[in-house]
Each structure stands twice: as structure tokens, then as C-alpha cells.
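In what follows, a structure is listed as C-alpha cells, so that the remarks can point back to it.
Derivation of every value follows stated rules applied to the coordinates shown; laboratory data play no part. If you're wondering where the values come from, they're calculated on a predicted model, not measured in any experiment.
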Amino acid sequence: MRDEHVSAGKRPVEEGQVYDVTITDIGERGDGIGKIEGLVIIIPDTTPGETVKVRITRLERKVAFGRKV
């Protein structure tokens, strides 16, 4: 399976930037999960259905981590 944001070398988010993210699920550790253009964003202290402003704190190959602002 191929992720276009990974194979193209360009990610849809940048570390330190703020984005609006809708939380769609909860991860194993209770953190909220949302997506931006297919990239999974993990945000603690959020619940499904909530739309939050998120600052990206860490960017990895297939996932990003953020915090509410």
C-alpha cells in the first residue's frame, strides 16, 4: 500500500504549525486520532466528534503528534 504524502516526499503538515483537526477515533492509549490529507494525527485530551486547533509537535514518517492550542 502506498501513501501519497510519504512517497512524494511532501507531508500535508509542518512541525510547529497550527491546523484544524476533527477527531474521528480514540487510540490504544486514549489519545484522539484525526487525519489531515490521509496523515494520521494523534492528539491527547480530545474526544471523537470534537474539532480542535492543533499545533504539530512531532512529525514521523506515517504519523504526526500534536497538542491542542
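Run lengths n ≥ 4 of DSSP H only: what is the helix-derived mean residue ellipticity at 222 nm for the chain, with -39500 (n - 2.57) per run over all residues, to the nearest 500?
The per-residue figure over the chain is -1000 deg cm²/dmol.
With P(r) over Cα pairs in 5 Å bins from 0, in percent defined as stated, name the option among (i) 3, 15, 18, 19, 15, 11, 8, 6, 3, 1; (ii) 4, 19, 32, 23, 15, 6, 1; (iii) 3, 13, 15, 20, 18, 14, 10, 6, 1 computed from the structure displayed. Recomputing P(r) over Cα pairs in 5 Å bins from 0, in percent here picks out (ii).
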